[in-house]
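To keep things clear, I will list the structure first and then write my remarks on it.
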Amino acid sequence: MEVIIQPDPASASRVAAQILLALVTRKPNAVLGLATGGTPLALYRELITAHKDRGFDFSRVTTFNLDEYIGLPENHPQSYHAFMHENLFRHINIQPDRIHIPNGNAPDIQAHCLAYEEAIRNAGGLDLQLLGIGSDGHIGFNEPTSSLGSRTRTKTLTRQTIEDNARFFENDPNQVPQHCITMGIATILEARCALLLAFGKGKADAIAATIEGPLSAMIPASALQLHPNAIIIIDQDAAAKLTLADYYKEADAAKPTWQQDHATAP
Ligand code: F6R
């Protein structure tokens with residue numbers, strides 16, 4: 001695990017954007033796993049700036065989103081379809097037929113989940129999976145006790161996640177859908193690079209458990225301890241409960257030049 005601690009979310013998002021853009025520069029047809037929520041917003045703004053100011057080309061990139069609510073119409077402002085369109089896709093030159101987001105209104109959800117896994121495989125697998133983390137340690141919507149071997153499927157959100165996400169639904173937990181489709185933990189672990197971002201004090205416990213706690217289905221993000229190329233980029237607040245924070249900072253500062261391109265994904 002590579003842990004990069006940055007002073008604030010803005011600098012952390014810039015480091016993450018550099019990793020992602022370096023990957024797409026090296027591999028213009030990269031397959032990217034994307035996330036929604038508050039955490040990746042500044043990173044998406046960096047990507048949009050790269051496209052608008054420098055003409056960065058996303059036309060050959062393929063994307064797969066982690067998750068989607070079940071039963072929310074695609075045009076609902078809080079659907080992850082709407083979120084991705086509004087916060088990234090409509091601002092860059094990605095090709096619509098290369099965008100994949102689970103369909104929370106699929107008539108046969110189980111068949112749709114199997115097809116989603118197959119589509120990822122057919123695209124050659126994920127080069128990089130971007131992740132946020134829930135305050136309960138979830139990645140995607142793999143809530144605590146999710147199987148570490150899980151694949152794309154439906155999940156029931158925990159009360160904690162429903163309350164955390166109520167801020168997007170007029171602060172009304174009753175408006176937050178209770179069910180979702182999410183890539184599984186095994187799906188995420190198969191990405192050639194896993195890039196997790198976390199900001200703020202509210203993520204400090206989950207981050208400490210993810211990096212320094214035992215591998216446990218109670219903290220689904222701790223499964224990243226098994227990943228050979230997991231990069232965790234956090235701000236000072238999210239790093240507040242790490243025992244080895246100084247070590248991670250020293251290791252990052254002393255990084256040999258041959259290791260400095262963080263995105264070692266092929
Ligand atoms: C979103 C997702 C979730 C979020 C997590 C953190 O696609 O998969 O795991 O990354 O709930 O959400 P924010 O970033 O809003 O704190």
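Data overview
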| quantity | calculated |
| --- | --- |
| Subset of segment 28-47 (residues that are within 11 Å of the ligand (Cβ to nearest atom) and part of a loop (DSSP other than H, G, I, E, B)) | Ala35, Thr36, Gly37, Gly38, Thr39, Pro40 |
| Contacts under 8 angstrom Cβ, first residue in segment 1-27 being within 20 Å of Ala221 (Cα to Cα) and in contact (Cβ under 8 Å) with a residue 12 or more places away in the chain, partner assigned to a helix (DSSP H, G or I) and of a type in the set (Lys, Arg), 6 or more apart | Ile5/Lys249; Ser13/Arg45 |
| Enumeration of residues in segment 206-215 that are more than 10 Å from the ligand (Cβ to nearest atom) and under 23 Å from Leu43 (Cα atoms) | Ile207, Ala208, Thr210, Ile211 |
| Subset tally (residues that are more than 8 Å from the ligand (Cβ to nearest atom) and touching a strand residue (DSSP E or B) at 6+ places or on another chain (Cβ under 6 Å)) for segment 130-141 | 2 |
| Residue identified as within 12 Å of the ligand (Cβ to nearest atom), under 29 Å from Pro73 (Cα atoms) and either surrounded by fewer than 19 Cβ atoms within 10 Å (Cβ to Cβ) or aliphatic (A, V, I, L, M) (or both) among Arg167, Arg151, Arg159 | Arg167 |
| Among (1) assigned to a loop (DSSP other than H, G, I, E, B); (2) within 15 Å of the ligand (Cβ to nearest atom); (3) under 15 Å from the mean Cα position of the chain (by Cα) - the single one Leu197 does not satisfy | (1) |
| Residues (surrounded by fewer than 22 Cβ atoms within 10 Å (Cβ to Cβ) and either among the polar types (S, T, N, Q) or within 14 Å of Ile231 (Cβ to Cβ) (or both)) located in segment 22-31 | Ala22, Thr25, Asn29 |
| From the options Asp252, Asp237, residue that is within 30 Å of Pro77 (Cβ to Cβ) and either assigned to a loop (DSSP other than H, G, I, E, B) or more than 15 Å from the ligand (Cβ to nearest atom) (or both) | Asp237 |
| Residues located in segment 103-148, provided they are more than 16 Å from the chain's Cα centre (by Cα), farther than 22 Å from Arg192 by Cα and open to solvent by less than 20 Å² (accessible area, probe 1.4 Å) | Gly104, Ala106 |
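The values are calculated or read from the model by the stated rules, or taken from the named source; none is laboratory data. Note that the coordinates shown come from a computational prediction; the quantities given were computed from them, not determined experimentally. So basically every Cβ, Gly included, is an ideal-geometry build from the backbone, and we count neighbours across all protein chains shown. Side chains included, ligands, DNA and RNA excluded: accessible areas come from the protein's heavy atoms. Shrake-Rupley method; radii C 1.70, N 1.55, O 1.52, S 1.80 Å.
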